[in-house]
Amino acid sequence: MRRLSGLTLRTDSKALRYALAAAVVFPIGLGPFHAAPASAFEIFGIKLFGGDDEDRDVIDPLDYTITLETGAADRALKKSLENTSLLLADEEKPVSGDLGLVIKAKDDRDRLIATLYEQSLYGGIVKVFIDGRDLDSLPPNPTFDRSRPVPVTITVQPGEPFTLGQITLQDDAARLDPAEFDLVPGENAGSLKILRATEAMSEQLKAEGRPLTEVRERHVVADHRTKTVNVTIGVEAGPVAPLGSVTVRGARTVDSAFIARYSRLRPGDTYSPEQLRKAAERLRMLGTFSSVTINEAESLADDGSLPIGITVSEGKHRYFGVGASYSSLDGAGFEGYWGHRNLFGQAESLRIEGAIRGLGEAKSIDDLSALDYNAGITFIKPGAFFPSATLEASIKGSSVTTDFYDAATITGKIGLSYEITDQDKVNAGVSIAYDSIDDAFADGNTYLTFGVPIGYARDTRDNRLNPTEGHYGTVTITPSYEFFDQTVFTSVEGSISGYLGFGEEDRFVLAGRLSAGSLIGGGDLSAIPATRRFFVGGGGSVRGYSFQEITPYTDAGDGTGGRSFATVNLEARVSVTETIGIVPFLDIGTASDETIPDFSDLRMGAGVGLRYMTPFGPLRLDVAMPLQRYDGGSRFGIYAGIGQSF
């Protein structure tokens, strides 16, 4: 039992560390735990790290039983306490000796008290009895009856919740408003809230360009008489400082000068913790490094600047892989690729890939020619000409067989993208494509089309694979000239998606996407390659319909593709557990032979999807039905893939 300022907190220093409330009671020097090496280590029955194989090597194994009594705790608190207890989680695993059981029981008590503090229950009491004896009354080297598993009983009396009382900010933090950091008298006084508020204050002051910002005081006093918690936080900001010299360590085959240049950490720029975070993320996105760490010097240089150190660990530069997808309407698909992430020493990437799709549709060897094939090679040069620019060049070929046209295409493209900000990017380039197409208008049409694609993208998503907030928008304008028929036309396409999360940890997310496009000019529709016309339907647009099923049709029932299209996708992404999600969705789309969609043939598909969360993104399985089925058209669709649908 520890007494603070004449008031009682039933805990000890270890419990406060677990609660992250140690930071608000004890000196700031008590820092967080650090990650241990990836090897096994166990002492006194407590496995600090290591795999399950080490469980069989416990010295002097001792079995026990555990009873956790949570008293008046509500269902949520009871669940939290049960999840916190390592004795409960490891009940089937023996500990190492009598002392090992005692140490693990003390550890459990601290963890349970920490959980109470997180819930503002500073008056809670946790008692532990081993073999009927109070934990605190046991001798330094206890012995227990081993004729049966040793009984351990833990009782928790949660007590009443405390609220925040007086909030005092000192030093440079005194000019901040505690309410902006969720510290409001009368509201809950959870230990994590107090710690997060302190960290947020420090980060806000650092964001002013003050790298030496330091938390000097973080003190909490719980008043058991008034059930309030008084908080004192002191933060010293230090001077405003520019970035100093940038050094690189750990590079072997990647040019260190390129790493420093591509990080965009320029000496003389005002210090910003967000700038450092983005620099590290930028380097990681290259895919060349297995780890990137950016360290700030502990003190300023003689000229008042802050030296910065970049430490990298290079990953494997060569890679290969395979992938698969499936749709009940379009069949199975497989792809393979090989790549190099550091071709010339400055993180240049080369990727060679090929794919085959439509498997399952072929009924005989003769039908194999109807499968879709594509292959290509892509070269990317990051930091081309400018640190914020990326050069991309590619040559790709494909043979595509659809319900409405067959096309053999070879396309060459070179383009340059430039990051205006971390969220905004522009790009421009040139392309040349040769197409041989059989479609509703004629067989054997050939086209040679030159294009100048110009685009803009804005991305504020919090996660590209599974976003819960922000938006992503693109617009591309491609003036084009077809040499054989001397046709001039322009393609305009745009898309905007948005995400809004609700509830704890954004367990419910509303997601929506609007896409549209138009072909301007070109005279007769047949003068424009079918590969440039607009079709809708399939897993990427309106689910429930087969690929490209939504299109204008001739009197003979042949799809032609349209001059314009518009689609709307709506999803409600519900997390049932940490790994399982359910997604009901509605897709709406149309394709028109007019320059502007006339919505005369508006189609809708609805369904539900299953998501399984993995470290590399959610695995997706969607089932959809068309709400306005075409005569003889698809009745339903099943789609599988990796990542959210948009």
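The values are calculated or read from the model by the stated rules, or taken from the named source; none is laboratory data. In this text the structure is predicted, and so the values were computed from the model without any measurement. Please note: Cβ atoms are built from the backbone with ideal geometry, for glycine as well, and neighbour counts cover all protein chains shown.
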* Structure fact -> Taking the stretch 406-460 and keeping only residues that are touching a residue at least 60 places away in the same chain (Cβ under 8 Å) and assigned to a loop (DSSP other than H, G, I, E, B), one is left with Asp422, Asp439, Ala440, Phe441, Ala442
* Asked: Which condition breaks for Phe484 when tested against (1) among the aromatic types (Phe, Trp, Tyr); (2) over 19 Å from Arg611 (Cβ atoms); (3) in a strand (DSSP E or B)?
  -> (3)
* Failed item in (1) closer than 20 Å to Pro626 by Cα; (2) in contact (Cβ under 8 Å) with a residue 24 or more places away in the chain; (3) surrounded by fewer than 20 Cβ atoms within 10 Å (Cβ to Cβ), with Gly557 passing the rest -> (2)
* Asked: Looking at Val583, is it modelled with pLDDT under 95, of a type in the set (Val, Ile, Thr), assigned by TED's automatic domain parsing to the domain that holds Ile437 and more than 24 Å from Val475 (Cα to Cα)?
  -> no
* To do: Could you please give the count of residues in the stretch 164-195 that are in contact (Cβ under 8 Å) with a residue 12 or more places away in the chain, on the phi < 0 side of the Ramachandran plot and not aliphatic (A, V, I, L, M)?
  => 12
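Which of the residues belonging to the stretch 115-152 are outside any strand (DSSP E or B), over 30 Å from Gly190 (Cα atoms) and in contact with a Phe, Trp or Tyr (Cβ under 8 Å, 6 or more places away or on another chain)?
Correct list: Asp131, Pro149.
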* Kindly indicate the residue of the stretch 281-311 that is in contact (Cβ under 8 Å) with a residue 24 or more places away in the chain and closer than 21 Å to Ile380 by Cα and also surrounded by the fewest Cβ atoms within 10 Å (Cβ to Cβ) among those meeting that condition. => Ser290
* **Members of the stretch 533-567 found to be hydrophobic (A, V, I, L, M, F, W, C) and under 18 Å from Phe585 (Cβ atoms), listed by number** => Val536, Val542, Phe547, Ile550, Ala566
* With the condition kept exactly as written, say whether any residue in the stretch 528-545 is in contact with a helix residue (DSSP H, G or I) (Cβ under 9 Å, 6 or more places away or on another chain), at pLDDT 95 or above and crowded, with 20+ Cβ neighbours inside 10 Å. => yes
* Hits in the stretch 587-646 - residues which are in a loop (DSSP other than H, G, I, E, B), more than 30 Å from Ser491 (Cα to Cα) and within 28 Å of the chain's Cα centre (by Cα) -> Met613, Thr614, Pro615, Phe616, Gly617, Pro618
* All positions within the stretch 311-336 that are at pLDDT 95 or above and among the hydroxyl-bearing types (Ser, Thr, Tyr) -> Thr311, Ser313
* Any idea how many residues of the stretch 502-534 are under 22 Å from Thr409 (Cβ atoms) and free of Cβ contacts under 8 Å to residues at least 24 places away in the same chain? -> 1
* Structure fact -> Going through the stretch 509-527 in order, the residues found to be hydrophobic (A, V, I, L, M, F, W, C) and either at pLDDT below 95 or closer than 27 Å to Thr446 by Cβ (or both) are Leu519, Ile520, Leu525, Ala527
* To do: Report yes if some residue within the stretch 491-504 is buried (at least 19 other Cβ atoms within 10 Å of the Cβ), at pLDDT below 95, more than 25 Å from the chain's Cα centre (by Cα) and assigned by TED's automatic domain parsing to the domain that holds Ala428; otherwise report no.
  => no
* To do: Answer with yes or no whether Ser515 is of a type in the set (Ser, Thr, Tyr) and surrounded by fewer than 21 Cβ atoms within 10 Å (Cβ to Cβ).
  => yes
* **Qualifying residue in the stretch 154-163 (condition: surrounded by fewer than 17 Cβ atoms within 10 Å (Cβ to Cβ) and either under 23 Å from Thr65 (Cα atoms) or out of contact with any strand residue (DSSP E or B) (no Cβ under 8 Å at 6 or more places or on another chain) (or both))** => yes
* Members of the stretch 378-408 found to be farther than 21 Å from Leu359 by Cα and aromatic (Phe, Trp, Tyr), listed by number -> Phe379, Phe385, Phe386
* Asked: If you go through the stretch 259-278 one residue at a time, do you hit one that is more than 30 Å from Ser634 (Cα to Cα), polar (S, T, N, Q), exposed (fewer than 15 other Cβ atoms within 10 Å of the Cβ) and not assigned by TED's automatic domain parsing to the domain that holds Met625?
  -> yes
* To do: Specify the residue that is nearest to the chain's Cα centre (by Cα); the eligible residues are those in the stretch 255-314 that are within 25 Å of Arg351 (Cβ to Cβ) and of a type in the set (Val, Ile, Thr).
  => Val292
* **Residue check for Ala251: in a helix (DSSP H, G or I) and more than 30 Å from Ala114 (Cα to Cα)** => no
